[in-house]
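Note sheet for the following structure.
The values are calculated or read from the model by the stated rules, or taken from the named source; none is laboratory data. All of these numbers come straight from a predicted model, not from anything done at the bench. Every residue, glycine as well, gets a Cβ built from its backbone with ideal geometry; the counts of neighbours run over all protein chains shown.
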Ligand code: APR
Ligand code: PHB
């Protein structure tokens, strides 16, 4: 078996890359370890920067997103029992973001790939990457796939990263996790709410006009079964409390899961014919909503570089791929770390730490410059 570009992993990174290459007339094969249902139902984030929306539109994958996506013109920061709205278009020269779940992007891209694109093999696990050949296992049988290029889009737990010799790894773990829920209840606010409180962080987000997505900071290794529905709603109420008549709407909780928080970068993102994209190369804590957007941005950069190589024979863009991506990656790493440490409470937090957090939050609320810095990073740098 041979593909010009072998792609490992059918998350948003691998699927979008296959789509962009297909549109550019470059053939690829996507190998995905899990089955289709698993990949299409994994709950992940859902906040898309303008550049992410543009990329999906440009490759013809935004038909449903344009119908169902919810445009957001800002976020709300909540602290000291008060709310502060950040108006993104006013602070960034016109930029907005969109809420559309990552799982829905994956469903849209899988459908397009199966209808129009090259082979997308589910339940095919890559087990080794060599110079110009990849070994994978399907139905218990080992198979070989030859390639000109191979792209590791296999997420944080994938195998491709290990095929880059002498990689440098930068990493940080946080002493807290997120308990995320989906609830069949209309969002209680038009905007996302990022809440700082003495009891820890909470986030109000949404999936549709009838489905809310909410998160609570919890200790690492929390068992979701220790959090019956009433306990979750009571805790959310306490962390979102404000001195107005705003009320958090409750509804049936349909999903509950705990996710740890991590920052991680591996450098470089290329070795010879092997390229890494998305979570395979970097992880951010979800507070800045950057993970999906970084993955898409890598893929846009890589698809351009590959297309440049195949049309002109010039390796220039392939050679700069890693550096180009890493500049954006580190900006997002810093912003995600900033948002995370600004809003969460550490187990050993002192009153001094809390005062510093509140001082910075007031600064953002009071200064157009401080607010614009946050808004530009959040809505996405060009
Ligand atoms: N062989 C084949 N497929 C593999 C292998 C392997 N050895 N290892 C992992 N995979 C698959 C996983 O099953 C998964 O479907 O690679 C895919 C990686 O997808 P994602 O984890 O969604 O990663 P990515 O496409 O980079 O998307 C990044 O996901 O975690 C979020 O916040 C993150 O939103 C960001 C997005
Ligand atoms: C989500 O909607 O799941 C979401 C939104 C914003 C974040 C993280 C997650 O910062």
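Looking at 139, 131 in this structure, which one is within 15 Å of residue 271 (Cβ to Cβ), out of contact with any helix residue (DSSP H, G or I) (no Cβ under 7 Å at 6 or more places or on another chain) and either assigned by the TED database to the domain that holds residue 16 or away from ligand 2 (no atom under 16 Å from the Cβ) (or both)?
131
Hey, among 61, 101, which residue is within 16 Å of ligand 1 (Cβ to nearest atom) and under 14 Å from the mean Cα position of the chain (by Cα)? Steps first, answer last, please.
Details: 61 fails: under 14 Å from the mean Cα position of the chain (by Cα).
Result of the check over 61, 101: 101.
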* Kindly check whether there is at least one residue in the stretch 212-224 that is outside the structural domain of residue 328 (by the TED database) and more than 20 Å from residue 176 (Cα to Cα). => yes
* To do: Could you pull out the residue among 91, 109, 120, 114 that is away from ligand 2 (no atom under 16 Å from the Cβ) and out of contact with any helix residue (DSSP H, G or I) (no Cβ under 6 Å at 6 or more places or on another chain)?
  => 114
* Single unsatisfied condition, residue 38 versus (1) touching a strand residue (DSSP E or B) at 6+ places or on another chain (Cβ under 9 Å); (2) farther than 30 Å from residue 339 by Cα; (3) within 14 Å of ligand 1 (Cβ to nearest atom) -> (1)
* What number of residues within the stretch 271-287 are more than 9 Å from ligand 1 (Cβ to nearest atom) and surrounded by fewer than 23 Cβ atoms within 10 Å (Cβ to Cβ)? -> 4
* Structure fact -> Filtering strands (runs of 3 or more DSSP E) wholly in the stretch 96-186 for at least 2 residues that are within 18 Å of residue 281 (Cα to Cα) gives 124-129, 141-152, 168-183
* To do: Considering only the stretch 12-45, state which residues are within 16 Å of ligand 2 (Cβ to nearest atom) and closer than 30 Å to residue 94 by Cβ.
  => 12, 44, 45
* Residues in the stretch 190-211 that are in a loop (DSSP other than H, G, I, E, B) and out of contact with any strand residue (DSSP E or B) (no Cβ under 6 Å at 6 or more places or on another chain): how many? -> 6
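Residue-wise test of (1) out of contact with any helix residue (DSSP H, G or I) (no Cβ under 8 Å at 6 or more places or on another chain); (2) outside any helix (DSSP H, G or I); (3) within 21 Å of residue 49 (Cα to Cα).
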| residue | (1), (2), (3) |
| --- | --- |
| 287 | no, no, yes |
| 295 | no, no, yes |
| 303 | no, no, yes |
| 314 | no, yes, no |
| 318 | no, no, no |
| 331 | no, no, yes |
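Going through the stretch 212-226 one residue at a time, which ones are more than 16 Å from ligand 1 (Cβ to nearest atom) and touching a strand residue (DSSP E or B) at 6+ places or on another chain (Cβ under 6 Å)?
212, 214, 216, 217, 218, 220, 222, 224
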* Structure fact -> Among the residues of the stretch 177-209, the number that are modelled with pLDDT under 95 and within 16 Å of ligand 1 (Cβ to nearest atom) is 1
* Structure fact -> Within the stretch 340-382, restricting to residues that are farther than 18 Å from residue 199 by Cβ and outside any helix (DSSP H, G or I), the one that is modelled with the highest pLDDT is 367
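Just the residues that are within 16 Å of ligand 2 (Cβ to nearest atom) and surrounded by fewer than 21 Cβ atoms within 10 Å (Cβ to Cβ), please, taken from the stretch 46-68. Step through it out loud before you land on a result.
So the first thing to find is which residues in the stretch 46-68 are within 16 Å of ligand 2 (Cβ to nearest atom), and the list is 46-50, 52-53, 65, 68.
Passing the criteria: 50, 65, 68.
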* Asked: So which strands (runs of 3 or more DSSP E) stay within the stretch 22-83 end to end and still have 2 or more residues that are more than 19 Å from residue 306 (Cβ to Cβ)?
  -> 70-72, 74-79
* **Flag if residue 336 is in the same structural domain as residue 163 (by the TED database), within 13 Å of the chain's Cα centre (by Cα) and more than 22 Å from residue 32 (Cα to Cα)** => yes
* Structure fact -> Within the stretch 324-340, the residues that are surrounded by fewer than 22 Cβ atoms within 10 Å (Cβ to Cβ) and within 12 Å of residue 286 (Cα to Cα) are 335, 337, 338, 340
